[in-house]
Ligand SMILES: [Zn+2]
């Protein structure tokens, strides 16, 4: 996953939680005859660097921020997926609460154009494609006269028609 901005521009990232902390390391600096730093992040999850030049510490901090971004974006994607799934399940639940099996409906097997066909539902609605390890993806119902299930977006209760 790389489709997110450089971390200073990432809205998901709480920059107040991640401040680079850089401290000079006197012994290593003395040996190297220049100032070297140990860097870490204020969040406490970044392994402190070796005594390095400040640019190298900055690079390590960037790498840490990238890891944080991957985690944030993975979690956000999972939450979004969960919300989508819940919305689909709600469509099914609402339908089943409202439309008993045997209700007269109008349905469309292709484009939702024209009058469509009429029949009665012969199943409760459910999510197509569900298995033990995969949630279903499309709310559908079986209708008398139609060989395969029909997407709920293409089924309408006849009593509901204006
Ligand atoms: Zn951090």
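Bear in mind these aren't lab numbers, they're just calculated from the coordinates by the rules spelled out. Source: prediction; values computed, not measured. Note: ideal-geometry Cβ built from the backbone for every residue, glycine included; neighbour counts use all protein chains shown.
At a glance:
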quantity: Simple label model, 7 Å out from Cα along Cβ direction - residue 109 to residue 9, nm; calculated: 5.1 nm
quantity: Segment 1-137: relative contact order as a whole-number percent, Cα under 8 Å and 6+ apart; calculated: 15 percent
quantity: Between helix 54-98 and the chain: long-axis angle, C-alpha atoms, 0 to 90°, nearest 10; calculated: 10 degrees
quantity: Label-point gap, in nm, between residue 78 and residue 32 - each point 7 angstrom along Cα→Cβ; calculated: 3.7 nm
quantity: Sorted by Cβ density within 10 Å, fewest first, the residues 149, 43, 30; calculated: 30, 43, 149
quantity: Average silhouette area of segment 43-98, convex hull of alpha-carbon atoms, in square nanometres; calculated: 4.9 nm²
quantity: Exposure proxy order (Cβ contacts within 10 Å, fewest to most) of 132, 58; calculated: 132, 58
quantity: Contour minus Cα-Cα distance for residue 138 and residue 58 (0.36 nm per residue); calculated: 24.1 nm
quantity: Alpha-carbon centroids, segment 88-162 and segment 64-87: separation in whole Å; calculated: 31 Å
quantity: Pair-distance profile P(r), taking every C-alpha pair of the chain, with 10 angstrom steps and integer %; calculated: 10, 24, 16, 12, 12, 11, 8, 5, 2
quantity: Residue exposure sequence - 88, 17 - by fewest surrounding Cβ within 10 Å; calculated: 17, 88
